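The values are calculated or read from the model by the stated rules, or taken from the named source; none is laboratory data. Just so it is clear, the model here is predicted, and its values are computed rather than measured. For neighbour counting, all protein chains shown are included, and Cβ atoms are generated from backbone atoms with ideal geometry for every residue, glycine included.
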């Protein structure tokens, strides 16, 4: 039986991995992925909205994204939002759709992207270790208050460390895959 403290720590670490995965999807690799435009905010209907809520994004080709706003009146607004999103992309309006060609990355830019990935991964490791620290403090508090015994505390701390190591390994393998994808020409 796994203690509620360990379950909570595991869930927190899983959420941290998901967050890093979402951040990774926004990193340009030279290939067209719909996740590339996830951070774009469109000024529509009097408020800022995520692009996903105003248009359909598809990747029909390896170097092209196709953005089709649901409201045809938003075509130019969406195109401006993509251009001003600081992604280095230049959208072109083609009737009711927006074509976004993904330029190949330079070698220098690829290495900058790898540094960004390493920074994101380190932030993920810190978040995982923070979850471990909180759980460890809770386990030690339970021992101090007599809720659990010495043996149970040692077992829980061991499981907690295994959980932490496993999540950090997952982070490292995610980094390795994304790094390979970015450096691929």
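Things to note:
- Of all residues in the stretch 73-109, exactly one satisfies the criterion of being modelled with pLDDT of 85 or more, surrounded by 17 or more Cβ atoms within 10 Å (Cβ to Cβ) and closer than 26 Å to residue 177 by Cα, namely 100.
- Residue 126 being out of contact with any strand residue (DSSP E or B) (no Cβ under 7 Å at 6 or more places or on another chain) and over 21 Å from residue 23 (Cα atoms): no
- Residues considered: 137, 131. Of these, the only one that is crowded, with 17+ Cβ neighbours inside 10 Å and either assigned by TED's automatic domain parsing to the domain that holds residue 16 or within 19 Å of the chain's Cα centre (by Cα) (or both) is 131.
- The stretch 28-72, residues that are in a helix (DSSP H, G or I) and either surrounded by fewer than 21 Cβ atoms within 10 Å (Cβ to Cβ) or in contact with a helix residue (DSSP H, G or I) (Cβ under 6 Å, 6 or more places away or on another chain) (or both): 34, 35, 37, 51, 52, 53, 72
- The stretch 73-108 - residue that is part of a helix (DSSP H, G or I) and touching a residue at least 24 places away in the same chain (Cβ under 8 Å) and, of those, farthest from residue 175 (Cα to Cα): 74
- Annotation: of all residues in the stretch 1-27 being free of Cβ contacts under 8 Å to residues at least 12 places away in the same chain and part of a helix (DSSP H, G or I), the one that is surrounded by the fewest Cβ atoms within 10 Å (Cβ to Cβ) is 4.
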